[in-house]
Amino acid sequence: MSNILPEAEKTQIKDLSYKVNSNVNVEAWVFNSRSSGKIAFIQLRDGSGFTQAVVEKSKVSEETWNHAESLTIESSVQISGIVSKHPKFEQFELQVTEIHPLSIAPEYPIGNKEHGPDFLFENRDLYLRSKTPWAVLRIRDQVFRSVTNFFYEEGFVRFDTPILQPTSAEDTSQLFELDYYEDKMYLTQSGQLYLEAGIMGLGKAYDFGPVFRAEKSKTRNHLSEFWMMDAEMAFYDQDMNEDVQERMVKRIIKDTLENCKEELKVLERDTAILERCVNEKFIRMKHYDAKKFLETEKGMTVDYNDDMTTEEEIAIGNHYQIPVFIEDYPFAVKAFYMKRYTDERGMERARNADLIAPEEAREIIGGSQREDDYQTLYSELVNRGYKLEDYEWYLNVRKFGSVPHAGYGLGLERMVRWLSGVHHIRETIPFPRTTILKRP
């Protein structure tokens, strides 16, 4: 859009600090305003940031003052003014010379009044304009860019896996089933199985896209539709797998701290633990040792044969205040495709790890070394009652030139929730889908 107001440079709010004493044009929305009759303060946002425009009645035309008085919340405007530094705060504002309204909004449904979270998410299309979603979703964007850059630098190839899949990658009870022409298909739970086929040609590959789980959970930790990054690596064992995960998480945190200072400030995020995570090595401990620690040191009742519970993950995170790899879960509670071994106590264990983040963020990554032996994987599919014809192609990955390989999945929304510090995971995706949230 061309400038309606003349003789001023079109400028984004984020760049105002470079334009002090310059006359600029800003195109923005009004998110608040107040007037004393002689001076008006208009709070603006343009997507890149937030600023204040100051209109002094004695210094502008009658038309400009009338425009200033007419502006309502969420009206869109083009404003011309001189950039100045705020007299009290570390921010920059506009001393207005002219205003051109683009659209005067009617009364805004979620204006300056208190609303409960249910109301805000029923009106998510409008709530997205508020400061908290602005900050959280920009952090989400940073995580996506960090992951993409990390894998490019590490020599991975982007490998897009199908959304529609004929088989289960995880728990079959969590599948969304749909009719596909004259057959049944499912919305993907993970691209992992297809990535394993991909790395036999590409070496190292990753995907990044939406996945779906039909788990009927209503906790603050679950979404029915979310985004997952899956990575697979040929000729890697589980130790090497965890090394890659640690480098990636450190890169994500570092980039977020450097590039999202304003967003973290808006969210009032204490970054002390995040800063520590960049500089210190992550902890690695066996599942048995983690359970033993929780039982003996924290007085918790634990089940050595089961997964880590929510309370156990939180306790581990609270204690160490740094990410912890919990390694080698009982194979019986893990997925069929994981490599296994028998420990000194006679328990069959998976060569896997969940990465538990502090600050009650819980599991943010799950990964394992994959079973690379054809006959072992074949037998496990039979033992679990899976239809062999559905997994023939997956078995072929082992039949023809199998190699040791490993991989992992990062839950984007879980990572964003940790970085941003928001309480509920539904804050971390533009339009959340849960058992309750289906609109807009």
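Things to note:
- Residue order, fewest to most beta carbons within 10 Å, for Met285, Met415: Met285, Met415
- The HN-Hα couplings worked out from phi for the stretch 221-234 by the Karplus form 6.51 cos²θ - 1.76 cosθ + 1.60 (θ = phi - 60°) are 9, 10, 10, 7, 10, 8, 10, 10, 9, 10, 10, 9, 9, 6 Hz, whole numbers, x standing for Gly and Pro.
- Residue exposure sequence - Asp306, Asp183 - by fewest surrounding Cβ within 10 Å: Asp183, Asp306
- In order along the stretch 381-394, the Karplus-derived 3J(HN,Hα) couplings, from 6.51 cos²θ - 1.76 cosθ + 1.60 at θ = phi - 60°, round to 4, 5, 4, 8, x, 7, 6, 4, 5, 6, 10, 4, 5, 5 Hz, and Gly and Pro are given as x.
- With contacts taken as Cα pairs under 8 Å and at least 6 residues apart, the chain reaches a relative contact order of 13 percent.
- Which of Leu94, Leu437, Leu388 has the fewest Cβ neighbours within 10 Å, and the rest in rising order: Leu388, Leu437, Leu94
- Look at the alpha carbon pairs under 8 Å that are at least 6 residues apart: their mean separation over the length of the stretch 9-103 gives a relative contact order of 31 percent.
- Candidates Arg384, Arg213, Arg426: whichever shows maximal mean-square fluctuation once the chain is modelled as a Gaussian network with Cα springs under 10 Å: Arg384
- Loop-located trypsin sites (Lys or Arg not before Pro) in the stretch 71-140, at most 16 other Cβ atoms within 10 Å (DSSP): Lys88, Lys113, Arg129
- Highest-fluctuation residue, Asn25, Asn352, Asn66 considered, GNM on the chain with Cα pairs under 10 Å: Asn66
- Normalised by 2.2 N^0.38 Å, where N is the number of residues, the C-alpha radius of gyration of the chain stands at 1.18.
- Among the listed pairs Lys85/Lys261; Lys10/Lys88; Lys38/Lys88; Lys339/Lys399; Lys14/Lys261, those whose Cα-Cα separation exceeds 23 Å are Lys10/Lys88.
- Against the main long axis of the alpha-carbon atoms of the chain, helix 287-296 sits at an angle near 70°.
- Angle in degrees between helix 238-259 and the longest Cα principal axis of the chain, rounded to the nearest 10: 0 degrees
- Dipole of the stretch 171-316 computed with +1 at Lys/Arg Cβ and -1 at Asp/Glu Cβ about the Cα centre; of Met308, Ile252, Tyr206, farthest Cα towards the positive end is Ile252.
- In order along the stretch 59-67, the Karplus-derived 3J(HN,Hα) couplings, from 6.51 cos²θ - 1.76 cosθ + 1.60 at θ = phi - 60°, round to 10, 10, 5, 4, 5, 5, 5, 4, 4 Hz, and Gly and Pro are given as x.
- Between the Cα long axis of helix 192-202 and the first principal axis of the chain there is an angle of about 90°, rounded to the nearest 10.
- Counting DSSP beta bridges with both ends in the chain, the antiparallel % (nearest 5): 85 percent
- Backbone amide hydrogens, once placed in the peptide plane, bring Glu371 within less than 5 Å of Met338, Lys339, excluding anything fewer than 5 places away on its chain.
- Taking 25 °C and 0.890 mPa s as conditions, the stretch 163-226 diffuses translationally at an estimated 189 µm²/s according to Stokes-Einstein applied to its Kirkwood radius (Cα pairs).
- Only DSSP H runs of four or more residues enter the estimate; each adds -39500 (n - 2.57), and after division by the residues of the chain the mean residue ellipticity at 222 nm equals -9500 deg cm²/dmol.
Each reported figure results from applying straightforward, stated rules to the coordinates on display, with no laboratory input. Owing to the predicted nature of the structure, the values given are computational and were not obtained by experimental measurement. Counting neighbours? That spans all protein chains shown, and the Cβs are built from the backbone with ideal geometry, glycine included.
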